[in-house]
Amino acid sequence: MRLKDVQALVDRCFAGLAEGAARLYEPADPRFTLRPSAVWLEYRWYVLGRGLAEIFLKWGRVSPWQCADTEASVVRVHLIGDSSGLSERARRLLEGGTPTPERILGLFGDDGVGRECVSFGRTSVTLEQWEKAGRREPLEEERFQALAGILATPESTPEERHEAVQRISAERSERVVSALLALLAARPSMMALRVLSEWGVVQAREPLQRAIAALEPDNLADLWALTALDRRLEAWERMIRSS
């Protein structure tokens with residue numbers, strides 16, 4: 001499917017819904033013209049009720065004026081929160097496609113996320129249902145304290161903190177949120193920001209924006225990633241205000 005056809009399909013499926021944040025269409029943003037990548041990217045965020053749909057498009061990095069007629073390689077929808085209306089609209093993107101479950105295993109393995117994948121020629125469309133809000137099984141106290149200690153220790157390495165964030169976020173609770181926010185108050189962590197943005201912890205926007213302001217001017221990859229996370233949290237804020 002050509003990019004312009006994919007964009008028109010998304011427009012139809014989500015017509016009439018509020019966009020939680022401004023779209024990120026990379027070819028139109030001069031900040032990302034020189035981002036080192038073989039692809040262009042677009043993100044959108046739609047909100048309805050207690051749910052958020054994050055839509056991600058990817059296609060080859062051709063000249064900006066050639067994008068519309070370039071074949072899109074990936075369309076991915078992240079359904080966050082709980083909204084049957086959003087789920088219904090997102091499923092319309094799959095209609096008429098050829099089921100390709102093997103692509104899910106090849107790209108993601110068995111990571112516990114609910115996914116459906118279809119293809120339209122070389123265009124892959126994947127719908128992901130991210131975990132709904134709610135507490136998971138708590139970590140043993142000793143395990144939690146050990147991981148929280150790594151996050152709080154100034155001498156820990158970025159790699160150690162990254163792994164600790166991954167492991168401590170197996171529990172979704174206020175104490176984990178507090179530990180991640182405390183980490184961000186002391187130093188940036190892309191992994192902690194990803195987790196908190198998935199959970200809709202809007203208090204993470206302030207340290208996230210500090211991280212953006214502190215980036216080196218040529219660090220366009222992190223600028224793109226952090227900007228997308230900031231827009232996701234902006235969409236969460238809009239959803240919370242309107243629900």
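The values are calculated or read from the model by the stated rules, or taken from the named source; none is laboratory data. Since the structure is predicted, the reported quantities are computational estimates derived from the model, not experimental observations. Because the Cβ atoms are built from the backbone with ideal geometry, glycine has one as well, and the counts that use them run over all protein chains shown. Remember, those area values only see protein heavy atoms, side chains included, never the ligands or the DNA or RNA. Shrake-Rupley method; radii C 1.70, N 1.55, O 1.52, S 1.80 Å.
At-a-glance table
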read-out	value
Segment A186-V39, extension gain: residue separation times 0.36 nm, minus the distance between their alpha carbons	49.5 nm
Label-point separation, A213 to E163 (7 Å along Cα→Cβ), nm	3.4
Solvent exposure, largest accessible area first (probe 1.4 Å, DNA, RNA and ligands not counted), of H162, H78	H162, H78
Around T33: net Lys/Arg minus Asp/Glu count, Cβ-Cβ under 14 Å	0
Which label in (i) 14.6; (ii) 13.7; (iii) 23.5 gives the computed mean projected area of the Cα convex hull in nm²	(ii)
Estimated FRET transfer efficiency (S84, R2; beta-carbon r; R0 30 Å; 0.05)	0.45
Neighbourhood charge, 12 Å Cβ-Cβ cut-off, centred on G149 and excluding it, Lys, Arg +1 and Asp, Glu -1	-1
Mean Cβ count within 10 Å, highest first, over the residues of peptides 22-31, 194-203	194-203, 22-31
Sites E102 and E137, calculated FRET efficiency, Cβ-Cβ separation with R0 41 Å, nearest 0.05	0.85
Listed residues D230, D69, D5 arranged by accessible area, highest first, probe 1.4 Å	D69, D5, D230
Probe 1.4 Å, protein heavy atoms only - accessible area per residue of the stretch 1-76 in square angstrom	44
Protein accessible area in the chain, 1.4 Å probe - carbon and sulfur %	52
